[in-house]
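Following: one structure in structure tokens, then a few remarks.
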Amino acid sequence: MSNSDAHKEYGLSKIAPHERSYGFVDTVWLWFGSGVNTGSWFFGGMAAALGMMFVLQYSVLWLPLMMIPWAAVAYIGYRYGASTAVVARPSLGTKGSRLTGIAQFLVLIGWPSVNSFIAAISLSHVFGAAFDWPVFGQPGSTGPMVLGILLTAVAQGVIAFLGHEAIRYLERIAGFLLLVLGGWVTYIVLSKWNLEQIMAFQVQNPTHSVAFFIDLAFGFSWTWAQVADFSRFAKTGRAATVGSWLGLNIGQGWFMLIGAIGTIGVALQTGSIDPNNSDPSSTLATLGLGMVSFLVLIFATVSTNVSVLYGSGMGLLSAFKGLTPKKALAIIVVLQLALCFVPMAFDSFLHYFETFLGVIGGLFIPLWTIILMDYFGVRGKRLSDADLFAEAGGAYYGSTGWNAAGITSLVLGFAVYFVLAHVFKDVAAQTTASIPAILVSGLAYALLVKKPAVALSASFERGA
Ligand SMILES: O=c1cc[nH]c(=O)[nH]1
């Protein structure tokens, strides 16, 4: 790849094999750096109420299993050099796939507000230990919170604007540093708390059921919507799928465990379980390791948010055709800076976070299901390159640009998720809202889609 190509942003165009620069190690670092974030330890803190055995089971078993379909979406992006929204064209129609762009834009512009806010809370403890400034929740903590948000929001904004190659380099450095710093944090957390007591800790009546947590987990993990925006740059199928899957599971699973241990450790001392205590960096800061803590917070947050913001930019570009890739990224950079301050307006951050997760999961659960059902079930892993990237006309445009089967199945999936998660909560506490939404949207698509209308002649298609 020449220098000028290295700085080129491709928008929605097909990424040809010679334009791809992400090897296996790059995808592992990218997703490891994304998975290691403040949201992951907060989420581990939320799971802690269900006991450490559950958190372990979730991190080493359920999370890796849940991420297999996500890695399958990465495969489609890699196979055709297509962004996330373009991958949705066969199932939703060329115009219908703009809905994916809108969802991706909204969800991924929302995540940095969560990640940066949690980082700012922790940074306020680092500043408190170093300069005696008020920490989050104390009178006068607005200034330290604003400074913490600005530090991450400006750094992530600049790197996301520079594009996918700048992100690749940042993730290499951040990934390595986070491995070292994360190891250090793990050592401190494990030596501070008694592991036997942590494992034995139980909450008599946890506020949430396992099923409720699984729903949050789908919202948490299936909203890495930028998956194909990056796998399209992968040089091999292994890098696109195994590399992304491995990096994400290690990063997210590991930091969830750290968050859960910290939360339970504090609960053993105080008797009250609160995910706000999941933050290992304030422990580090009070032990005089403020600089380590500062670096973990900045690298963990920025390395996540750069890929998230890049994906949000690609979503915006897919939704509004008049934009160029750089213009879309510039809009995102400015918008995220403002949105990172929104949680300050809420009285409870936990409430903001749970509401956010409860809404976003409902969007991507049926969407991934329909895309995978379409590619692996209906089309037998065969798509037409030419039609996939055609803006008008072709097999995926149909007569209107909308694939009615896909849109109907998507709406049904949303409806099932939202009705269960928000109206019939007692039922969802047993069945989850996510699994019925997956079943209904997948089945509806398989039944509604008209195979002859979407199948192409074998010579015109490219198989996997
Ligand atoms: O920032 C993000 C985006 C998706 N999922 C996460 O857990 N965090």
Item to check | 5 angstrom amide H check on TRP133, placed H, neighbours 5+ away | outcome: GLY128
Checklist entry - Over the Cα atoms of the range 56-206, what is the Rg over Rh ratio if Rh follows Kirkwood? => result 1.04
Next on the checklist: Can you order the peptides 311-320, 215-224 by their average number of other Cβ atoms within 10 Å per residue, highest first?
Outcome noted: 311-320, 215-224
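Over all directions, average the projected area of the Cα convex hull of the range 320-464 and note it in nm².
On the way: hull surface 47.3 nm².
That works out to 11.8 nm², a quarter of the Cα hull's surface.
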Item to check | Simple label model, 7 Å out from Cα along Cβ direction - GLU196 to HIS422, nm | outcome: 4.9
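If I take every Cα pair under 8 Å that is 6 or more residues apart in the chain, average their sequence separation and divide by the length, what percent do I get for the relative contact order?
Values: 837 pairs, mean separation 143.8, N = 464.
Result for the chain is 31 percent.
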Checklist entry - Lys/Arg Cβ at +1, Asp/Glu Cβ at -1, dipole of the range 345-405 taken about the Cα centre: which of SER348, ALA392, ILE360 is farthest positive-ward? => result ALA392
Next on the checklist: Compute the angle between helix 290-319 and the longest alpha-carbon principal axis of the chain, please, reported from 0 to 90 degrees and rounded to the nearest 10.
Outcome noted: 20
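Based on alpha-carbon positions alone, could you give the equivalent ellipsoid semi-axes of the range 1-91 from the gyration tensor, as √(5λ), descending, whole Å?
Values: eigenvalues 223, 53, 26 Å².
Equivalent-ellipsoid dimensions as semi-axes: 33, 16, 11 Å.
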Checklist outcome for this item: Per residue, the convex hull enclosing the alpha carbons of the chain has a volume in Å³ of 131
Item to check | Candidate lysines for bridging to LYS326, where Cα separation is under 28 Å - those fewer than 8 sequence places away on the same chain excluded | outcome: LYS8, LYS14, LYS95, LYS235
Checklist outcome for this item: Taking a crude spin-label model, label points 7 Å out from Cα along the C-beta direction, the LEU287 to GLU391 distance in nm is 5.6
Checklist entry - What Rg and what Dmax come out for the range 168-252 when only alpha-carbon atoms are used, in angstroms? => result 17.6, 50
Checklist entry - For VAL180 and ALA130, what does the FRET efficiency come to when R0 = 30 Å and r is the distance between their Cβ atoms, rounded to the nearest 0.05? => result 0.90
Checklist entry - Sorted by packing (mean other beta-carbon atoms within 10 Å per residue), highest first, where do 239-245, 225-231 land? => result 225-231, 239-245
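Determine the sum of side-chain charges near GLY137: Lys and Arg each +1, Asp and Glu each -1, restricted to other residues whose C-beta is under 14 angstrom from that of GLY137. The partial results should precede the final answer.
Numbers: positive: none; negative: ASP274, ASP279, ASP347.
Combined, the nearby Lys, Arg, Asp and Glu give -3.
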Checklist entry - Using a ≥ b ≥ c from the Cα gyration tensor of the range 207-352 (square roots of the eigenvalues), is it rounded, prolate or oblate, where a/c under 1.5 gives rounded and otherwise the larger of a/b and b/c decides, a/b for prolate? => result prolate
Checklist outcome for this item: At q = 0.20, 0.32, 0.34 Å⁻¹, the log10 of I(q)/I(0) for the range 385-430 from a Debye sum over equal Cα scatterers comes to -0.67, -1.01, -1.05
Next on the checklist: Can you tell me the orientation of helix 325-339 relative to the chain, as the angle in degrees between its alpha-carbon axis and the longest Cα principal axis, to the nearest 10?
Outcome noted: 30
Next on the checklist: Report D for the range 348-428 in µm² per second (integer): Stokes-Einstein, Kirkwood Rh on Cα pairs, 37 °C, 0.692 mPa s.
Outcome noted: 220
Checklist entry - At 222 nm, what helix-only mean residue ellipticity would the chain give, in deg cm²/dmol to the nearest 500, using -39500 (n - 2.57) for each DSSP H run of four or more? => result -22000 deg cm²/dmol
Next on the checklist: Taking the Cα centre as origin and putting +1 on Lys and Arg beta-carbons and -1 on Asp and Glu beta-carbons, what dipole magnitude results for the chain, to the nearest 20 debye?
Outcome noted: 1360
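Leaving out ligands, DNA and RNA, and with a 1.4 Å probe, what % of the accessible surface on the chain is carbon or sulfur? Show your work: numbers first, answer last.
Numbers: 11880 of 17380 Å².
In the chain, the share of accessible area belonging to carbon and sulfur is 68 percent.
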Checklist entry - Which far-off residues, 5 or more places away or on another chain, put their amide H under 5 Å from the one on LEU383, with H placed in the peptide plane? => result ARG462
Checklist outcome for this item: Scoring only Lys, Arg, Asp and Glu (+1, +1, -1, -1) among other residues with Cβ under 15 Å from the Cβ of ARG98 yields +2
Checklist entry - For the range 93-149 and the range 227-300, what is the separation of their C-alpha centers, rounded to whole Å? => result 15
Item to check | Principal-axis tilt of helix 434-448 within the chain, Cα atoms, nearest 10 degrees | outcome: 0
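Provide the packing ranking of 420-430, 113-123, 353-363, i.e. peptides ordered by the mean count of other C-beta atoms within 10 Å per residue, highest first. Don't skip to the end; give the middle numbers.
Numbers: 420-430: 15.5, 113-123: 27.3, 353-363: 20.3.
In descending order of packing, they fall as 113-123, 353-363, 420-430.
Keeping every protein chain present and rolling a 1.4 Å probe, give me the accessible area per residue for the chain in Å². Provide the component values of the computation, followed by the final result.
Details: 17380 Å² over 464 residues.
Value returned for the chain: 37 Å² of accessible area per residue.
The values are calculated or read from the model by the stated rules, or taken from the named source; none is laboratory data. What you see is a predicted model; the values in this text were computed from it and never measured. Note that each Cβ is placed from the backbone with ideal geometry, even for glycine, and that neighbours are counted across all protein chains shown. Side chains are part of the model used for accessible areas, which takes the heavy atoms of the whole protein and leaves out ligands, DNA and RNA. Shrake-Rupley method; radii C 1.70, N 1.55, O 1.52, S 1.80 Å.
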